[in-house]
Structure formats: structure tokens, C-alpha cells
Amino acid sequence: MLPHAADAISRDGKSLILAYDHGLEHGPVDFEPNPATADPERLFELATHEAVTALAVQKGVAEAYYPDYEDDVNLLLKLNGTSNLWRGEPNSAVNCSAEYAAELGADAVGFTVYGGSNHEVEMAEEFREAQEGAREHDMGVVMWSYPRGQGLRNDGSPEVISYGARLGLELGADLVKVKYPGSAEAMGDAVKMAGPTQVVMSGGTMRDDEAFLRNVADAIDAGATGLAVGRNVFQRDDPERILDALEAVVFQEVDPAEALAIAESDD
Ligand code: FBP
């Protein structure tokens, strides 16, 4: 396999990114199902699970915790973010530079782009600076490509998600994170649109083991190279167990039911 700029946050061409920017993006409500996860240390510990290829966090969390984990965890540093207290048209404040991300030891940077928002133009310009800065420091670039905003009626439609995947390629992301478009076929279309940019599926809201793992397996079958997941791991009572199952589904392409059996036997 040829080297890819996302290799530093992948294994054998696959990625399992543990996303933990929810304290900013959604607020404390996301930690209610499993209160221990409000403590970033719990997530850094989870990120040492061998299934996890990178942990995505914001600057403040990285500054406070990453020095203790830099040997065991690959860092994907988000460079922008917005709180759920913001009620305006979708936008995301740039709160960290690529240069500072490199100083903190990041392997890759993450950046949200809301195509279709009234702020799309400025977000694309800000992405340019992040992307070129990451190139200068040999860091991978992950785009959270979530088209949404005033101009979009159905931001979960397969067409819009394929367009979001394509924005990743056009703007120079190595990996683009898109919502699951509802079927393997639609995911396959998004993967085609992204070309050499790898596509990972966003975890989304909590659902039961089978339903969640089935979406992941379908996405992988369709050519996605993995997932970036938060709530479907850390909101569970036993996050390690679902990581065991995800490891089997993502890296060994094991069927979800068998993966769950493997996870049970590991307990
Ligand atoms: P989840 O797996 O919990 O959805 O996390 C992935 C993620 O992209 C996070 O990085 C981010 O905080 C959140 O979803 C944003 O989702 P949305 O804006 O759709 O609520």
C-alpha cells in the first residue's frame, strides 16, 4: 500500500478515531449516560485500547492531558469548534493554529466545514490556512464535513453527504468524516466522490450494539476506511467492550454478531 498522509492516525489503512470534542460541541449533557467520561483522563485511557488509532480533542484538553499520553496515543487536534450555546447559522471558531498543534505533538489536525452554511466561504478560507499549515508540519488533515445551514433542507440525504465527501477531496483533506448516509450503497457513492481522500463514518447518536456495528460493517464494505466515534463508545456502560467489537469489525472485517461474541469472550 502506498504511503498516505493519514497513515499516522491509521493502522493498515484503517482508522478508528475516538472523538472527544463533545464537551465543547454538545456540552455536559453528553457525559450524563456515563458520568466518569466527563473526566478526560478516562478517555485518554480508553484511547490506549489497541483498536484506537487516534484521539480527537480540542486544544485545552490536549494541553492538560496529552503530555502524559504522547507515547501511547496518537493526537488528532481539532482546530475549530463551537458550543451548543451558539444559536446562529452553523459556524465554527478557529481556536488553534496548525503550528501550535504541531508544538503540542499532534499527528493530524481536524477541522469542521459546514458546506451550505452562510459562513461556508470564510470556513473554506480558514480551512485553507489549517490545511497548508498541516502540510508544512507533516501532519494529516481530517475534515469534519457536515453540510448544514439555512440553504439545506435535508442535510442527511445521500446526495448532500456525497457532496460533503467531495468537499474533502476538493479542499485537500486526507480523511473526510461524514455522517452515515443510511445505506451501504449511499456510503459507496460518497467514497467514490472522495477519490483518494479516505472516508470515515461519524458515529452519531447512541444506538444498540447490533444496529451500530451493522452501520459500521456496511460502511467498511462500501469502502469507508473506518469511523470517528464518540457517543457510541463513551456513553456505553462498558466502552472497552464495544471497542473490542469495533476492532474485529473494522480491522478484521468480522461480521457484527461474531464481533460481539468475540468482545463477550474477551470480558
Ligand atoms: P459522535 O460519534 O458522538 O457523533 O461524535 C462524532 C462527532 O463528529 C464529534 O466529533 C462531534 O462533537 C459531534 O459528532 C458533532 O455532531 P453533531 O454536530 O451532528 O451533533
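The values are calculated or read from the model by the stated rules, or taken from the named source; none is laboratory data. Small disclaimer: the values here were computed from a predicted structure and weren't measured. Cβ sites come from the backbone with ideal geometry, for glycine too, and all protein chains shown count toward neighbours. In case anyone asks, the SASA skips ligands and DNA or RNA and just uses the protein heavy atoms, side chains included. Shrake-Rupley method; radii C 1.70, N 1.55, O 1.52, S 1.80 Å.
Below, the figures for the structure above:
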{"read-out": "Some residue of region 51-61 being more than 12 Å from the ligand (Cβ to nearest atom), modelled with pLDDT of 95 or more, in a helix (DSSP H, G or I) and under 17 Å from the mean Cα position of the chain (by Cα)", "value": "yes"}
{"read-out": "Region 190-215, residues that are of a type outside the set (A, V, I, L, M, F, W, C) and crowded, with 19+ Cβ neighbours inside 10 Å", "value": "T197, Q198, S202, G203, N215"}
{"read-out": "Residue within region 226-235 that is more than 15 Å from the ligand (Cβ to nearest atom) and at pLDDT 95 or above present", "value": "no"}
{"read-out": "Scope region 1-48; condition assigned to a loop (DSSP other than H, G, I, E, B), open to solvent by 20 Å² or more (accessible area, probe 1.4 Å) and within 16 Å of the ligand (Cβ to nearest atom); matching residues", "value": "H26, E32, P33, N34"}
{"read-out": "Every pair of residues 6+ apart whose Cβ atoms lie under 8 Å, when the first sits in region 231-251 and is free of Cβ contacts under 8 Å to residues at least 40 places away in the same chain while the second is in a helix (DSSP H, G or I) and open to solvent by 30 Å² or more (accessible area, probe 1.4 Å)", "value": "R241/E264; R241/D266; I242/D209; A245/D209; A245/I262; A248/E258; A248/I262"}
{"read-out": "Those residues of region 216-245 which are open to solvent by less than 40 Å² (accessible area, probe 1.4 Å), out of contact with any Leu (no Cβ under 6 Å at 6 or more places or on another chain) and within 17 Å of T48 (Cβ to Cβ), in sequence order", "value": "V229, G230, V233, F234, I242, L243, D244"}
{"read-out": "Residue match in region 195-202 (condition: away from the ligand (no atom under 16 Å from the Cβ), over 27 Å from V141 (Cα atoms) and of a type in the set (V, I, T))", "value": "no"}
{"read-out": "Failed criterion for F251 (all others in (1) open to solvent by 10 Å² or more (accessible area, probe 1.4 Å); (2) more than 14 Å from L16 (Cβ to Cβ); (3) of a type outside the set (S, T, Y) hold)", "value": "(2)"}
{"read-out": "Residue in region 127-135 that is buried (at least 16 other Cβ atoms within 10 Å of the Cβ) and either in a strand (DSSP E or B) or of a type in the set (D, E) (or both) present", "value": "no"}
{"read-out": "Residue in region 37-52 that is more than 18 Å from E247 (Cα to Cα) and among the hydrophobic types (A, V, I, L, M, F, W, C) present", "value": "yes"}
{"read-out": "Failed criterion for S183 (all others in (1) crowded, with 17+ Cβ neighbours inside 10 Å; (2) among the small types (G, A, S); (3) free of Cβ contacts under 8 Å to residues at least 60 places away in the same chain hold)", "value": "(1)"}
{"read-out": "Residue list for region 62-120, filter: surrounded by fewer than 16 Cβ atoms within 10 Å (Cβ to Cβ), among the small types (G, A, S) and within 16 Å of the ligand (Cβ to nearest atom)", "value": "S83, G88, A93"}
{"read-out": "Tally, over region 138-178, of residues that are modelled with pLDDT under 95 and more than 13 Å from the ligand (Cβ to nearest atom)", "value": "5"}
{"read-out": "Count of residues meeting criterion [among the polar types (S, T, N, Q), in a helix (DSSP H, G or I) and over 20 Å from G203 (Cβ atoms)] in region 136-168", "value": "0"}
